[in-house]
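Below: the structure, in C-alpha cells.
The values are calculated or read from the model by the stated rules, or taken from the named source; none is laboratory data. This one's a predicted model, so the numbers in the text were calculated from it and none came from an experiment. Glycine gets a Cβ as well: all are built from the backbone with ideal geometry, and neighbour counts include every protein chain shown.
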Amino acid sequence: MEEKAYWIAFNQVRGIGPARVAGLLEQFGTLEAAWHAPLRRLQQSRLDRRALENLLIARRKFDLDKEWERVSASRATLLTWLDDEYPARLRAIDSPPPVLYLDGALMPQDDWAVGIVGTRRASVYGREVARRLAGELARQGVTVASGLALGVDTVAHQAALEAGGRTIAVLGSGVDYIYPAQNKRLAQQIQEQGCIMSEYALGVRPEANNFPPRNRIISGLSRAVAVIEAGEQSGALITAKFAAEQGRDVFAVPGNILHPGSAGCNRLIQTGAIPLLSVDDVLEQLDMERMLEQRTVKQYIPDDPLEAALLEQISGQPQHIDELVRQLTLPAAQISSLLAIMELKGLIRQVSAMHYVRA
C-alpha cells in the first residue's frame, strides 16, 4: 500500500487538520503507523475525543485500496508535504493543506504568482480592470492564481490564458467536480495551460464551508493578492485577510464610493492595502527585475551537487558563512562563491552581514 493512501485517508477524517496531522507525524513517524496504531497510543496523541472517535470510525469504514485505485485511475496528481514538488511558498503558511490534488501541472515559474480575486457580480469596470491586470501580469511571466468563480475570477483566468501565460484555479470542491458548471470549458483550458488545484478529495461537492479555507491556498501560493472589486461581505475580503496574515502584499482597486461593489476595496485601502492604480504598482512591488535575473541565472547556470549540499545546511534561521564553512569543510572562498550564485538563483537570501537563510 502506498504511503500516500494514508494521507488521503487522514485528509478525509473530520477534526484532523494540518496541526493534528503534523502532531501524528511527530509522534508516529508516518501516517501509515498512525493509522494502524493501537487505541492506547492514539489516546496519548494530540487528538481530542471527537477527532479520535472519527478516526476510529474511519479506520473501520474507509477502504484504503479502493480509494487509492480511484485516485490512481483519475487524471489527478497527488502531492503531500513529503513531496519536493509541493509548492514551497504554500508549505510555509500556517496550516498548509497536507494533501493537494492537481489536475494539470505546477511549474517552477509558478513560484512567481499573484492572486486576483473579486466579486462574482463584477461591473464592467471591474471586469476590465481584471482583464488588463491579469493579461499584463501573464505577459510578464507572472502566474495568475484565482478561484474559478464567476465574475472577476473567470475574467482573470481567461485573460491570463489569452495572453499565453499560466494560471492556477483553486477549487472549493474536488478537482473532478468543476463549479460553477459554466466554467467547465475554461477549466479544461486551465488544465492544459496551468493547473486546477484542491485540498478536497475527489468527488467532494462545492459546499459553502469549503470556500473560505480554499482562499488561504490562493493567497498562500501568491506573492501578492489583488482585490479588484468587492462588496462589504465579499469572499474576496477573506482572501485579503489570509494574505495579510501570511505576509503577502495586498492591493485593492479604488472604486466609486457610491457603488456597493466597491465598498470592500475602498475599506481595504482605508485600512492599509496598497491602492492599485496600474499593473506597474504590482510589478514594482514584485521586483520583476530580480525575477527575470533569477530565471536567467537558473537557465544558464547548471545545478551543482555542492549547491544542494550547502542548501541542506541553510534553514530559516540566519547562519554565518563561517558556520557553513565548518559544516561542509570546504574553503571559505568556494563557499562564498556558491552562496553568491545561490542568492542570484533565489534559493537563499543574505539577511545581514554574511548571514544567510533559505529564500
Conditions (1) over 19 Å from Val144 (Cβ atoms); (2) at pLDDT below 95 -> Met107 fails only (1)
Do you know which residues across the stretch 2-40 are closer than 12 Å to Leu55 by Cβ and either hydroxyl-bearing (Ser, Thr, Tyr) or free of Cβ contacts under 8 Å to residues at least 24 places away in the same chain (or both)?
-> Tyr6, Leu24, His36, Ala37, Leu39
Can you name every residue in the stretch 134-172 that is assigned to a helix (DSSP H, G or I), in contact with an Asp or Glu (Cβ under 7 Å, 6 or more places away or on another chain) and over 10 Å from Val117 (Cα atoms)?
-> Gly135
So which pairs qualify, if the first residue must be in the stretch 186-197 and assigned by TED's automatic domain parsing to the domain that holds Gly164 and over 9 Å from Val175 (Cβ atoms), the second must be polar (S, T, N, Q) and assigned to a strand (DSSP E or B), the Cβ gap must be under 6 Å, and the two must be at least 6 apart or on different chains?
-> Ile190/Thr167; Gly194/Thr167
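Matching residues to (1) at pLDDT 95 or above; (2) among the aliphatic types (A, V, I, L, M):
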{"position": "Lys184", "(1), (2)": "yes, no"}
{"position": "Val225", "(1), (2)": "yes, yes"}
{"position": "Ala236", "(1), (2)": "no, yes"}
{"position": "Thr239", "(1), (2)": "yes, no"}
{"position": "Phe242", "(1), (2)": "yes, no"}
{"position": "Gly247", "(1), (2)": "no, no"}
{"position": "Gly255", "(1), (2)": "no, no"}
Counting just the residues of the stretch 163-186 that are buried (at least 21 other Cβ atoms within 10 Å of the Cβ) and of a type in the set (A, V, I, L, M, F, W, C), which one comes out farthest from Val152 (Cα to Cα)?
-> Val175
Which condition number in (1) more than 25 Å from Asp176 (Cα to Cα); (2) part of a helix (DSSP H, G or I) is the one that Ala37 fails?
-> (2)
Looking at (1) part of a loop (DSSP other than H, G, I, E, B); (2) at pLDDT 85 or above, find the lone condition where Asn266 falls short.
-> (1)
